[in-house]
Amino acid sequence: MKSIFSVPYEKLETYFLSIGDKKFRATQLYDFLYKKRVYNLDIMNNIPNTTKEKLKEEFDFSFIKILKKQEDTDVKKYLFELKDGNRIESVLMYHNYGISLCVSSQVGCNMGCAFCESGRLKKVRNLEANEIVEQLLLIEEDLKLRITHVVVMGIGEPFDNYDNVMDFIRIITSNKGIDLGSRHITVSTCGVVPGIIKFMNDFNQVNLAISLHAPNDKIRNQIMPISKAYKLDELMDTIKLYIKKTNRRVTFEYIMLDGINDSLECAKELATLLKGINCYVNLIPYNETENIQFKRSKKVQILAFYDILKKSNIAVTIRREFGGNVDAACGQLRAKSY
Ligand code: SAH
């Protein structure tokens, strides 16, 4: 049975029309689910019983489950169990500008980036849109707060699950429901070019982040298999097209791996690569994990790398670190079994 939390607003309108009901039922139902947060049809008093019966036959209103919650300064990590027993995680972060949620988009991941702990578990399956929506609903309910920003940067490659992730975005941005601003949402990809092309046509207000991690194919090929499918030239051309079309600034994520991609030559090459592109670079100190041999770059190296970019007029920040103590940092999700 399809989950009600997988249905974008327009599709719900179409559904009500298809059963001979009124379009505005969709407004009523969205209002209960996403504004009042009432999930029990029996207490939705303005919806007729005949409609309720049909909804019960057609849609599943139940939720995934929170299995465990771990906390650290300004961060909470949630472990969820899906209805088929698979497990995923999300991370909530308190920033000075708001509260952001990092959601997972797949169970496991097939991209095979050499440095990433999450990808050691190969993709088991895509998440359905509702399984992403429910991460947000359950955490908001658990903490009695409203999330202001969403990043699709948890486990999985969002553009390897394009349709469901986009339905998730449609659902959380609908002004009939959660009404999160598109500009408060960021989708991060390791560089799946066809996904970027679709995305620029479908969602030109949602932020795009690219996990770049290297300034040339030689290094990128060593650490990110996707770069063999889509070479850096092609990726950069696509990003330029994206910026032309959307007029948005793109974020490049660059993890700092000791001795791999953190030399000053790399910094210069990166500055040349990004020259004139409307972007900003987020340098991410690598989070070491037990199972992977890569080391975090030395602090002085990160700062020197940063300086070169800065002097080349590239907007750059060093990512604030979250969640290392509870394995909630980038690349650490679902590393340990429970
Ligand atoms: N597949 C998408 C979404 C995952 S985002 C993507 O690749 O963008 C997760 C981010 O954390 C990516 O930029 C990833 O490269 C980065 N990352 C992975 N392992 C990491 C680690 N151990 N330390 C720091 N960042 C890591």
The range 65-326: relative contact order from alpha carbon pairs under 8 Å, six or more residues apart, as a whole percent, is 15 percent
Rounded to 0.05, the calculated FRET efficiency for the beta carbons of Lys52 and Lys244 at R₀ = 41 Å is 0.25
Taking protein heavy atoms only, a 1.4 Å probe, and rounding to whole percent, the accessible area of the chain owed to carbon and sulfur comes out at 49 percent
For Lys298 and Glu10, extending 7 Å from Cα along the Cα-Cβ vector and measuring point to point gives, in nm, a value of 5.5 nm
With the charge dipole of the range 18-94 built from beta-carbon charges (+1 for Lys and Arg, -1 for Asp and Glu) about the Cα centre, the Cα from Met93, Phe61, Thr27 projecting farthest to the positive end belongs to Thr27
Computed over the chain: longest principal axis from alpha-carbon atoms vs helix 9-18 long axis, angle to nearest 10 degrees, is 30 degrees
The rounded separation in angstrom of the Cα centers of the range 146-210 and the range 1-79 is 20 Å
Taking a crude spin-label model, label points 7 Å out from Cα along the C-beta direction, the Lys275 to Asp217 distance in nm is 2.1 nm
Partner lysines whose C-alpha sits under 22 Å from that of Lys310, ignoring same-chain residues fewer than 8 away, are Lys240, Lys268, Lys275, Lys298, Lys299
Here FRET efficiency (C-beta to C-beta, Ile318 to Asn96, R₀ 25 Å, nearest 0.05) is 0.95
Given Cβ charges of +1 for Lys and Arg and -1 for Asp and Glu, the option among Pro194, Thr173, Ile219 whose Cα lies farthest towards the positive end of the dipole of the range 166-284 is Thr173
Accessible-area order for Arg25, Arg183, Arg220, largest to smallest, probe 1.4 angstrom, reads Arg183, Arg25, Arg220
Toy charge model, Lys and Arg Cβ at +1, Asp and Glu Cβ at -1: the chain dipole around Cα centroid in debye, rounded to 20, equals 560 debye
Measure of exposure for Lys240: accessible area at 1.4 Å probe, Å² rounded to 10, is 100 Å²
Cys in the chain lacking any partner Cβ under 4.7 Å -> Cys102, Cys109, Cys190, Cys266, Cys279, Cys330
Where a ≥ b ≥ c are root eigenvalues of the Cα gyration tensor, a/c under 1.5 meaning rounded, otherwise prolate if a/b exceeds b/c and oblate otherwise, the chain counts as prolate
Computed over the range 185-238, protein heavy atoms only, probe 1.4 angstrom, the accessible area per residue in square angstrom equals 35 Å²
For Asp258 and Asn291, extending 7 Å from Cα along the Cα-Cβ vector and measuring point to point gives, in nm, a value of 2.1 nm
Under the rule rounded for a/c under 1.5, else prolate if a/b exceeds b/c, else oblate, using alpha carbon gyration tensor axes a ≥ b ≥ c, the range 56-201 is classed as rounded
For the range 4-128, shape from the Cα gyration tensor axes a ≥ b ≥ c, cut at a/c of 1.5 then a/b versus b/c, turns out prolate
In degrees, nearest 10, the alpha-carbon axis of helix 264-274 is tilted away from the dominant principal axis of the alpha carbons of the chain by 50 degrees
With every protein chain kept in place and a 1.4 Å probe, the range 33-137 has an accessible area per residue in Å² of 43 Å²
Dipole check, the chain, charges on Cβ (K,R +1; D,E -1), about Cα centroid: among Thr14, Ile277, Asn164 the Cα furthest to the positive pole belongs to Ile277
To the nearest 0.05, the calculated FRET efficiency linking Asp202 and Lys2 through their beta-carbon distance, R0 being 22 Å, is 0.55
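The values are calculated or read from the model by the stated rules, or taken from the named source; none is laboratory data. What you are looking at is a predicted structure, and each value in this text was computed from that prediction instead of being measured. Cβ sites come from the backbone with ideal geometry, for glycine too, and all protein chains shown count toward neighbours. Surface areas here come from the heavy atoms of the whole protein model, side chains and all, with no ligands, DNA or RNA. Shrake-Rupley method; radii C 1.70, N 1.55, O 1.52, S 1.80 Å.
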